[in-house]
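Below: the structure, in structure tokens.
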Amino acid sequence: MVKQSRAVTILLTRPLAQSVRFQREVLHALGPMPVVISPLMAPQYLTPPIPPRPYTAIIFASVTAVDAAQRISAIGVGLPKLAYCVGDRTAMAARAAGFKPRSAQGDAVDLVAMIIAQNPTGPLLFLRGHDSRGDIGENLILAGIDTVSIVVYDQIAQPFSAEAVKVLNGPDPIAVPLFSPRSARLFRADLTRLRLDPPLWIAALSPAVAAELDAKTIPRLQIARSPDSASMILALQAVMSSGAAP
């Protein structure tokens, strides 16, 4: 448990399901503390036509893509069972949805490297979001692996909730874990739009996420050592401990 000399609220801005899950993990790891959930994005699922090809595997770079795949299967589209997954969390979701997952245990770069190393016979089906990161489909094609990329969901921007605005208007530090460059951009844009300048303690998933922020205005910033929830909790703990009472 992190003991603070100043009251700190954790502000979670991921889509609702991911925020609720991360809240449970944070409170289990760090102990009781106030948490405000204010998603800056909400998933909008799409049902585009899937070109009828003999796909040998599916690619998931997010849990949301797994959710989208289940909706596609529900309308009668057959999908391959083998699933290449970016990380363990996505692999767990894929397994629960009936797929046979293989986890890259990392990020988009690790996912592409794993698939290339396994040298699959194509074609592969990459179900992705509108703002997918890492050029996964393009890099696989460049590596000679036939890959069809289909956008199956979008993340619609959401403003800060009234509760979040109230906390951000207060005098106490706000600890904010940010998981993607887009969420960091939306976070910064909303602060600017509302002319808010709170004392922020930021845990960023990667240097790319941190690069979307104005570091000069952030008293404390910690970048996770690896792109996963456990490392983000450690980064959040580190940034909060830097303001702990002696």
Exercise. In the stretch 92-136, how many are surrounded by 21 or more Cβ atoms within 10 Å (Cβ to Cβ), touching a residue at least 24 places away in the same chain (Cβ under 8 Å) and either of a type in the set (A, V, I, L, M) or closer than 20 Å to residue 53 by Cα (or both)?
Worked result: 12
Problem set entry | Residue satisfying all of: in the stretch 154-178; in contact with a Phe, Trp or Tyr (Cβ under 8 Å, 6 or more places away or on another chain) and surrounded by 20 or more Cβ atoms within 10 Å (Cβ to Cβ); nearest to residue 196 (Cα to Cα) among these | 168
Exercise. Residues of the stretch 142-153 being over 15 Å from residue 65 (Cα atoms) and either touching a residue at least 40 places away in the same chain (Cβ under 8 Å) or buried (at least 17 other Cβ atoms within 10 Å of the Cβ) (or both), which ones?
Worked result: 145, 147
Problem set entry | Output for the stretch 11-32, where each listed residue is of a type in the set (A, V, I, L, M, F, W, C), surrounded by 16 or more Cβ atoms within 10 Å (Cβ to Cβ) and over 16 Å from residue 241 (Cβ atoms) | 11, 12, 22
Exercise. Can you pull out the helices (runs of 4 or more DSSP H) entirely within the stretch 12-103 that have at least 1 residues that are over 22 Å from the mean Cα position of the chain (by Cα)?
Worked result: 63-74
Seminar exercise, completed: Selection from the stretch 189-207 of residues within 20 Å of the chain's Cα centre (by Cα) and farther than 21 Å from residue 22 by Cα yields 189, 190
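None of the figures in this text is laboratory data; all of them are computed from the coordinates on show. The model shown is predicted, which means the values in this text are computed figures rather than measured ones. As a convention, Cβ positions derive from the backbone with ideal geometry for all residues, glycine included, and neighbour counts pool all protein chains shown.
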